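Taken together, the values in this text are just the output of simple stated rules run on the coordinates, not laboratory data. Please read all numbers here as calculations on a predicted model, not as lab measurements. Note: ideal-geometry Cβ built from the backbone for every residue, glycine included; neighbour counts use all protein chains shown.
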């Protein structure tokens, strides 16, 4: 566990099977570096709060979450590669609009 600093927090919709599936996978990657908390009630977007209190939502929040592990390359792309940010946010909104479909598709491709 991080010492002398606040632990980053990822908030998500625990009623959403797609969200729960990915949170379980990300917990293995981030280990004890991130605290995962369900929202009280449904939300349109997950939320990541870093150790400094900065809040990020949507694709940016997910990429910041992943950057707490060794998977920070997507955050770099998000910040520096033209068109990656809008494409990522568009993809996030698409998944958010049909989480049941996204869950079924994800289950087809994940081991």
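Brief remarks follow.
- Only listed residue being within 20 Å of residue 6 (Cα to Cα) and either without any contact (Cβ under 8 Å) to a residue 24 or more places away in the chain or in a helix (DSSP H, G or I) (or both), chosen from 27, 104, 79: 27
- Figure legend. Inter-residue proximity from segment 82-93: first residues under 15 Å from residue 56 (Cα atoms), second residues not in a loop (DSSP other than H, G, I, E, B), beta-carbon distance below 7 Å, spacing 6+ or different chains. Indicated pairs: 85/78; 88/59; 88/78; 89/58; 89/59; 92/58; 92/59.
- Boolean, residue 68 is touching a strand residue (DSSP E or B) at 6+ places or on another chain (Cβ under 8 Å) and in contact (Cβ under 8 Å) with a residue 40 or more places away in the chain: no
- Positions within segment 35-58 being within 25 Å of residue 105 (Cβ to Cβ), within 13 Å of the chain's Cα centre (by Cα) and either touching a residue at least 24 places away in the same chain (Cβ under 8 Å) or not in a strand (DSSP E or B) (or both), in sequence order: 36, 38, 44, 45, 46, 47, 48, 58
- Residues (over 17 Å from residue 86 (Cα atoms) and surrounded by fewer than 19 Cβ atoms within 10 Å (Cβ to Cβ)) located in segment 45-65: 47, 51, 52, 53, 54, 55
- Total residues in segment 82-99, condition loosely packed, with under 12 Cβ neighbours inside 10 Å and over 18 Å from residue 46 (Cβ atoms): 3
- Residue 73 vs. criteria free of Cβ contacts under 8 Å to residues at least 60 places away in the same chain and surrounded by fewer than 12 Cβ atoms within 10 Å (Cβ to Cβ): yes
- Residue within segment 100-110 that is surrounded by fewer than 13 Cβ atoms within 10 Å (Cβ to Cβ) and either under 19 Å from residue 9 (Cα atoms) or under 15 Å from the mean Cα position of the chain (by Cα) (or both) present: no
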